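Below: one structure, written as structure tokens.
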Amino acid sequence: AMRNPLSKEIVNIPPSGIRKFFDIVSEMKDAISLGVGEPDFDTPWHIREEGIYSLEKGKTFYTSNAGLRELRVEITNYLKRRCNLTYDPDKELLVTVGGSEAIDIALRAMLNPGDEVLIPQPSFVSYLPCTILAGGKPVVIELEEKDQFRLTPKKLREKITDKTKILIMPFPNNPTGAVMRREDLEAVAQIILEHDLFVLSDEIYCELTFGSERHVSIASLPGMQERTVLINGFSKSYAMTGWRLGYAAAPHVIQEQMLKIHQFAIMSAPTTSQYAAISAVRDGDGDVEMMRESYDQRRRFVLHAFEEMGLRCFEPNGAFYAFPSIKRFGMTSDEFATRFLQEEKVAVVPGTAFGACGEGFLRVSYAYSLKSLKEALGRMERFVKRLDGKV
């Protein structure tokens, strides 16, 4: 018999829990998905035009490994303008294939076997597997609804050991919509400095922060920039998911090693996407604002609908997700989502896809038109009434 061709490490990692519901939905007639974390806007026209124009002019060659210099300069201008951060475009920035690649190579550049990575959950599905693939040891911090799913100093302290090296900061958060305001971040930063930890701050949803306060980057707090890898990208803010473009801003000593991995594993991010991104980051503030207002309107609509049907849901102030509690029905998130899909043809994601502590919750994305949201939430209300025995 042939010997096993596979890596034990890979085989033991389960596939993403988000996908299975969409595979079903795509086959279903009249189904509505509130599942995918993807803007329903087309990429703004001036951005697409720049990409098309670059193709017409034959700009189809590799860029430098770190990305087009013009794009790196525009990104550093953006970080200065929006987050009050100063980075050197030549030594502290790297353009990647989506924020996802940046997460992967940051962990690979920083971890030695057995180093511990603190991962607050519920959170994006990639942090844990990428930590394992980089030889690190994931340590989950379970966030709670009573704290509005914020990372509290107490929860952070409980999980730090002498092996802890990196804290992942997934805010604004996917799936909960939780945000960390300045005072929340200051309390966390103090502990990070005290224990000499590094931070991987995934700020891909930074532009989608609601309420009166703008997003604050943890890297902008005193003493934090030199120990933070800031990850961001174009997918969510500029509706550019399929262009596959992100970036990492990091101290040169880390950026240099990330660049090396990127060089060998990827070479350079897609050239067409980079030209388009220059236009996004240089001239896109207005687009971002327009989309943000639209999401905010949908957000309020969804929260109101949950209230009407008696679903408890804390107010999400970031990203484009709501995370309602279904604990009162006495079924698991998976059961609820499966039955809801079968009976009403609406896909939502069980909270457990984002960590065990997501049990009892659902991720509902409101990155859809109000028309779709109205229809889907009408079906949800019908479903909930049935569960409550009111129909």
- Query: Considering the zone a paramagnetic label at R312 would reach in this model (a point 7 Å from Cα along the Cα-to-Cβ line), which residues of segment 319-356 have amide N under 15 Å from it?
  - Reply: 323-331
- Item | Inter-site label distance for D196 and S369 at 7 Å from Cα along Cβ, in nm | 5.7
- Task: Would you compute the Debye intensity of segment 2-74 from its alpha-carbon atoms alone, equal scatterers and no solvent, and pass along log10 I(q)/I(0) at q = 0.21 Å⁻¹ to two decimals?
- Result: -0.95
- Hydrodynamic radius of segment 82-180 per Kirkwood, over alpha carbon pairs, in Å: 14.6
- Item | nm² value of the averaged projected area, convex hull over the Cα atoms of the chain | 21.4
- Computed on Cα atoms, the radius of gyration and Dmax of segment 114-172 in angstrom are 11.2, 33
- Task: Straight distance only, please: which lysines reach the Cα of K385 with their own Cα at less than 25 Å, same-chain residues fewer than 8 apart left out?
- Result: K29, K327, K345, K371, K374
- Rounded accessible area per residue of segment 261-391, 1.4 Å, Å²: 40
- Query: Rounded to the nearest 0.05, what FRET efficiency is calculated for K91 and A265 with R0 set to 25 Å and r the Cβ-Cβ distance?
  - Reply: 0.75
- Message: To check my understanding: the extent here is largest minus smallest coordinate of the Cα atoms along each principal axis. What are those three numbers for segment 164-206, in Å, largest first?
- Response: 28, 21, 14
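First check a/c for segment 1-125, with a ≥ b ≥ c the square roots of the eigenvalues of its C-alpha gyration tensor; if it is under 1.5, answer rounded, and if not, answer prolate when a/b is larger than b/c or oblate otherwise.
Numbers: a/c = 1.72, a/b = 1.23, b/c = 1.40.
Taking the square roots of the gyration eigenvalues as a ≥ b ≥ c, segment 1-125 is oblate.
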- Pairs over 30 Å Cα to Cα, from K20/K80; K146/K236; K80/K155; K91/K159; K20/K165, come to K20/K80; K80/K155; K91/K159; K20/K165
- Message: Just to be sure I understand the model, the point goes 7 Å from the Cα along the line to the Cβ. What's the resulting M2 to F41 distance in nm?
- Response: 4.9
- Karplus-derived HN-Hα couplings along segment 259-264 (A = 6.51, B = -1.76, C = 1.60, θ = phi - 60°), whole Hz, x at Gly and Pro: 4, 4, 5, 4, 4, 7
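I want the local charge near I218. Using Cβ-Cβ distances under 11 Å, sum +1 for each Lys or Arg and -1 for each Asp or Glu among the other residues. Could the numbers behind the result be given before it?
Values: positive: R182, R227; negative: D184, E186, D202, E203.
Residues near I218 contribute -2 overall.
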- Query: When the accessible area of the chain is split by element with a 1.4 Å probe, what percent falls to carbon and sulfur?
  - Reply: 51
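Using the Cβ atoms and a cut-off under 10 Å, what net charge is assigned to the surroundings of G136, where Lys and Arg are +1 and Asp and Glu are -1?
Details: positive: R108, K137, K163, K165; negative: D115, E116.
So the environment of G136 carries a net charge of +2.
The values are calculated or read from the model by the stated rules, or taken from the named source; none is laboratory data. From a predicted model like this one, the values you see are computed outputs, not experimental measurements. Glycine gets a Cβ as well: all are built from the backbone with ideal geometry, and neighbour counts include every protein chain shown. Please note that ligands, DNA and RNA were not included when accessible areas were found on the heavy atoms of the full protein model with its side chains. Shrake-Rupley method; radii C 1.70, N 1.55, O 1.52, S 1.80 Å.
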